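The values are calculated or read from the model by the stated rules, or taken from the named source; none is laboratory data. Just so we're clear, the structure is a prediction, and the values are computed from it rather than from any experiment. Here the Cβ positions follow ideal geometry from the backbone for every residue, glycine too, while neighbour counts run over all protein chains shown.
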Amino acid sequence: MSDSLDRLFAAVLDHRKSDPARSRTARLMRAGKSKIAKKLAEEAVEVVIDAMQGDRQAVVRESADLLYNLVVLWVSTGIRPEDVWAEMRRREQLFGIAEKLPKEPAVAAPRRKVVALEARRAHKRR
């Protein structure tokens, strides 16, 4: 699979400066990271919806769209497939191939909420 993504990456690199009237990739690149990220999110949602509906073929098609838009985002942000593969190897060594990196507990965020709530209460008492 990484060979396919590497070829897709090379194709996106080749097409990023093409004529936007003739290249979807060039159009996305010209629209900027915000538009690229939005397209990626839209495709992810479509994969989820199709999966929930049990439409296997639609999940396959939308997954290909999702990967395309992910690679476009990589190119737009200067990320190479090797960067992602290296991170995957690192995680595999730490947690195994089928595990996701555990999230760090959010320590600061709840404290900020408590401080903000206390400040509002104090302000109301005045």
Item to complete: Taking the residues in region 12-28 that are basic (K, R), surrounded by fewer than 16 Cβ atoms within 10 Å (Cβ to Cβ) and part of a loop (DSSP other than H, G, I, E, B) as candidates, determine which candidate is modelled with the lowest pLDDT.
Response: K17
Worksheet item: Among the residues of region 78-98, is there at least one that is in contact with a helix residue (DSSP H, G or I) (Cβ under 6 Å, 6 or more places away or on another chain), under 30 Å from D19 (Cβ atoms) and at pLDDT 90 or above?
Response: yes
Worksheet, complete the sentence: Selection from region 72-87 of residues in contact (Cβ under 8 Å) with a residue 12 or more places away in the chain and either in contact with a Pro (Cβ under 6 Å, 6 or more places away or on another chain) or loosely packed, with under 13 Cβ neighbours inside 10 Å (or both) yields T77
Worksheet entry | Condition met for S23 (of a type in the set (S, T, Y) and either free of Cβ contacts under 8 Å to residues at least 40 places away in the same chain or in contact with a Leu (Cβ under 7 Å, 6 or more places away or on another chain) (or both)) | yes
Practice prompt. Would you tally the residues in region 33-64 being outside any helix (DSSP H, G or I) and within 14 Å of the chain's Cα centre (by Cα)?
Written response: 0
Discussion item. Could you list, ordered by first residue, the pairs with Cβ atoms under 6 Å in which the first is in region 58-71 and closer than 13 Å to A41 by Cβ and modelled with pLDDT of 95 or more and the second is among the basic types (K, R) and in a helix (DSSP H, G or I), at least 6 apart or interchain?
Written reply: N69/K39
